[in-house]
Each structure stands twice: as C-alpha cells, then as structure tokens.
1. Helix hunt in the chain: which complete DSSP H runs extend at least 18 Å axially by C-alpha with mean Kyte-Doolittle at least 0.0?
2. Counting Lys and Arg as +1 and Asp and Glu as -1, each charge on the Cβ, what is the dipole of the chain about the Cα centre in debye, to the nearest 20?
3. What residues from region 26-44 fall in the zone where the backbone N is under 20 Å from a label point 7 Å along the Cα-to-C-beta line of GLN63?
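Derivation of every value follows stated rules applied to the coordinates shown; laboratory data play no part. No experiment lies behind these values; they were computed from the predicted model shown. For neighbour counting, all protein chains shown are included, and Cβ atoms are generated from backbone atoms with ideal geometry for every residue, glycine included.
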Amino acid sequence: MAKKDDPAGNLWIMGLALTLPMILLSGPLSGYLISYWLIRNFGFPAYLTPVLMGLGLFGSGIQCYGLIRKLNQSNKN
C-alpha cells in the first residue's frame, strides 16, 4: 500500500503497527471482565477466568497475525 516516498502511507503503516499492543491487551482484558461478570452475577465457577482470558489471548493473537501479514504485504509494495 505504501511506497518508499509516500509519507501518508508510511504514517498509515506506523499507526497500524502501534495498534498491536492494544489488540494484544484487549482480548485477555475482555475475557477477564466477562468472566468477572458471569461469576458475580450468575455464580459460575472461578476456573472460568483463565479459560476466557486464554480464549481472549488466542483471539488477539489471530488478529495480530492478520495485522502483521497486512503490514508485511504493504511493506513489499
């Protein structure tokens, strides 16, 4: 997507790369918050927390993999 002399494209790549930490954080955090809500309101067992956090981390990893592939393809252009 971005050429070497395209400053707008380079800013797009940099902005996309800076979202990686937030993507990696949002999955486990949402898993924790959902498990906290389920445990508190419905009495689910406590082992649900690491399970949902793991699922959130797995989902975040998939999203980051796709984003890194997109960055790699735009870097080649």
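1. Details: long enough: 20-42 (33 Å, 1.00); 48-76 (42 Å, 0.33).
Result, helices passing both filters: 20-42, 48-76.
2. 140
3. 26-38
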